[in-house]
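Okay, structure first, notes after.
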Amino acid sequence: MLAIGVFAACGGGSNEPQVMETPIPTPVDDGPKVGVMQGDLAPDFVFVETVNDPTFTATKLSDLRGKVVLINFWASWCPACDKEMPSLQALYERYRDKDFVILGVNSLSRNETREKLVNYMRNKGLTFPSVVDASGEIDRTYHIPGLPATFILDKNGVIVHVLFGSRDWYLPGFNVEIERLLSE
């Protein structure tokens with residue numbers, strides 16, 4: 001689009017108006033903003049330390065673009081987290097070979113230690129990777145009010161679901177949604 005401005009000439013020249021064409025910038029869609037709400041691009045974070053999956057090579061969240069990612073904030077001392085772990089593991093086993101990643105985030109809060117985390121995961125048979133967030137920075141970035149908290153991201157890293165509290169990941173609706181996201 002062009003804006004046409006009409007300006008009168010200044011000083012000793014012609015009294016004819018001059019026409020000047022000025023381009024009007026068009027808005028550019030830069031995509032979703034970074035944030036922690038549904039429809040936002042999930043904030044990137046670096047995996048300082050991961051436990052449980054020696055084949056997991058990603059070093060930051062954005063390395064997982066192209067995959068559907070379920071980020072689950074949890075702790076071994078959390079009864080609601082403990083309750084959902086078997087079904088979360090089953091979901092991981094069902095889809096892990098189909099561009100789907102479950103990424104646990106454990107902030108080592110309330111006397112949680114790396115050793116307790118590793119022992120808990122081993123004893124429960126959990127094989128999905130879990131990030132150790134020793135500083136609590138990831139929790140703060142995502143404004144986690146309590147545990148468990150889950151963010152499901154599409155293949156572009158956009159948050160499509162924010163869930164607080166324990167879930168039964170065996171429910172068919174979750175499988176349908178994961179299948180839908182994988183097909184996009």
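The values are calculated or read from the model by the stated rules, or taken from the named source; none is laboratory data. All values derive from a computational prediction rather than experimental measurement. In this analysis, Cβ positions are derived from the backbone assuming ideal geometry, glycine residues included, and neighbour counts consider all displayed protein chains.
Selection over region 110-128 of residues that are on the phi > 0 side of the Ramachandran plot and basic (Lys, Arg) gives a count of 1. With respect to the conditions (1) of a type in the set (Ser, Thr, Tyr); (2) touching a His at 6+ places or on another chain (Cβ under 8 Å); (3) surrounded by fewer than 14 Cβ atoms within 10 Å (Cβ to Cβ), Thr150 lacks only one, and its number is (3). The number of residues in region 48-104 being modelled with pLDDT under 95, surrounded by 15 or more Cβ atoms within 10 Å (Cβ to Cβ) and acidic (Asp, Glu) comes to 1. Is there a residue in region 129-146 that is on the phi > 0 side of the Ramachandran plot and either in contact with a helix residue (DSSP H, G or I) (Cβ under 8 Å, 6 or more places away or on another chain) or part of a strand (DSSP E or B) (or both)? No, every residue in region 129-146 fails to be on the phi > 0 side of the Ramachandran plot and either in contact with a helix residue (DSSP H, G or I) (Cβ under 8 Å, 6 or more places away or on another chain) or part of a strand (DSSP E or B) (or both).
Let me confirm something: among Asp97, Asp63, which residue is under 25 Å from Lys155 (Cβ atoms), of a type in the set (D, E, K, R) and within 18 Å of the chain's Cα centre (by Cα)? Being under 25 Å from Lys155 (Cβ atoms), of a type in the set (D, E, K, R) and within 18 Å of the chain's Cα centre (by Cα) holds for just one of Asp97, Asp63, which is Asp63.
Remark: pairs (first residue in region 45-69, at negative phi; second residue assigned to a strand (DSSP E or B) and hydroxyl-bearing (Ser, Thr, Tyr); Cβ separation under 9 Å; 6+ apart in sequence or on different chains) = Thr50/Ser130; Val51/Ser130; Asp53/Ser130; Phe56/Thr50; Ala58/Thr50; Thr59/Thr50.
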